[in-house]
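So the structure is just underneath, and the comments pick up after that.
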Amino acid sequence: MDVMKAHPKAQLRLLELAQIDAKHARLQHLAKNMPEQVNLVAIEQDRRRRRAETAESLGALEDAQSELATIQSDSELVAERRVRDEQRLQTATSTKDIAALEAELQTIARRQDALDDRQLEQLEIVERLTADYEAKRTAMREIEETAADLIERRDLARENLKTEAKELALARKTLTAAIDADLVALYEERRQRKGIGAAELIGNVSGASNEVIEAADLARITKAPADEVQFCPDTGAILVRTERSAG
């Protein structure tokens, strides 16, 4: 393997770059696993159920109101017919006509009584369905208000994440411009492997793998010239030696 040389300070900048990339990865994870979005998904089935129940309840109420309107219309027609027959009865002179009108008025009275009973029953049905609809609409509004609050907080959080991501992108651009292009390219190539481009050697532990480095590898790494780029034996990430490193 070809040996790459890089000034120790340039290698230290790779740790800053790795921190920026770690923060960016954290932002991406947060964006995909936002608590508000998770809660929205969790209540979505309940939202659909409540909307469907409210729509069904409204449909039943409208049908009942339509039936009530029909009964009331029929009742008005019967009442008008009764008034006309009563007026005709007052002016009738024929015994036959009087008998026919009286019989018809009795039929109308029975019809009116039946319609009055139906109207009372239908009024009770409308009242019950109205209460049911109002309760379901209230329940739907409550969960929709909860959803609206979650959406507002989620969108605000997303904007904050976007702002932070832009700041990180600018910081990364500025930092990489101050590092040798070949070293940055090596860092990127290593980062593509396991997600970590560079890490600090802390004592005898690799910051990339969080594992203790075997004695032979550690001896080779610590004895190498300071400007010679070293790598984590387990992950292949660039291993940056600092004052906290062994040796």
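One table, with the values for the structure above:
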| quantity | calculated |
| --- | --- |
| Residue in the range 72-79 that is touching a residue at least 60 places away in the same chain (Cβ under 8 Å), among the β-branched types (Val, Ile, Thr) and surrounded by 12 or more Cβ atoms within 10 Å (Cβ to Cβ) present | no |
| Leading residue by the ranking (surrounded by the fewest Cβ atoms within 10 Å (Cβ to Cβ)) among those in the range 1-46 that are under 19 Å from PRO225 (Cβ atoms) and small (Gly, Ala, Ser) | ALA10 |
| Some residue of the range 50-57 being surrounded by 15 or more Cβ atoms within 10 Å (Cβ to Cβ), over 25 Å from the mean Cα position of the chain (by Cα) and assigned by TED's automatic domain parsing to the domain that holds LEU115 | yes |
| Filter result for ARG154 (farther than 20 Å from LEU12 by Cα and not assigned by TED's automatic domain parsing to the domain that holds ALA22) | yes |
| Number of positions in the range 98-144 that are over 12 Å from THR54 (Cα atoms) and either touching a helix residue (DSSP H, G or I) at 6+ places or on another chain (Cβ under 8 Å) or among the hydrophobic types (A, V, I, L, M, F, W, C) (or both) | 24 |
| Where ARG193 falls short, out of the listed (1) in contact (Cβ under 8 Å) with a residue 40 or more places away in the chain; (2) within 30 Å of GLU67 (Cβ to Cβ); (3) loosely packed, with under 13 Cβ neighbours inside 10 Å | (2) |
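The values are calculated or read from the model by the stated rules, or taken from the named source; none is laboratory data. None of the values given here were measured: they were computed from a predicted structure. Methodologically, a virtual Cβ is constructed for each residue, glycine included, from the backbone with ideal geometry; neighbour enumeration extends over all protein chains shown.
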